[in-house]
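Read through the structure below, which is laid out as structure tokens, and then see the notes.
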């Protein structure tokens, strides 16, 4: 198994089209603060990419948001991740390219996906 990505999630609130209610905003803050310390790794196991939570928020729905966002973006950037396995490219160049990609493109995708899911969960929870 090869570790593909280890993401540090920091809190960020989604920017909705209509202003959310105070209850939704409060729930977004709560969810985002729980995601602050959440950690996970994407692992390639027999050709299937899996997400393993390494530091849980204590809330399965929030942990699922973190993993789903990483898996969706991994699928979107499958070709890039495959290129990091090309051993014809020197390892130091592959490593530098991978770090730049994770920082600039992959994390941007993950945060956008996650923010949308956080907003949805906050909306559902504040309606209860």
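Quick note: the coordinates plus some simple rules give every number you see, no bench work behind them. Worth saying up front: this structure is predicted, and the values here are computed from it rather than measured. Methodologically, a virtual Cβ is constructed for each residue, glycine included, from the backbone with ideal geometry; neighbour enumeration extends over all protein chains shown.
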Review point. With a 10 Å Cβ neighbour count serving as the proxy for reagent exposure, in which order, fewest first, do 45, 74, 87 appear?
Key: 87, 45, 74
Review point. In nm, to one decimal, how far is the residue 91 label point from the residue 128 one, both placed 7 Å along Cα→Cβ?
Key: 4.7
Study note, to complete from the structure: Per its Cα gyration tensor (rounded if a/c is under 1.5, else prolate when a/b beats b/c, else oblate), region 17-80 is best filed as oblate
Review point. How do 73, 109 line up, fewest other C-beta atoms within 10 Å first?
Key: 109, 73
Review point. Tell me, 29, 110, 24, 118 in order of fewest to most beta-carbon neighbours within 10 Å?
Key: 29, 24, 110, 118
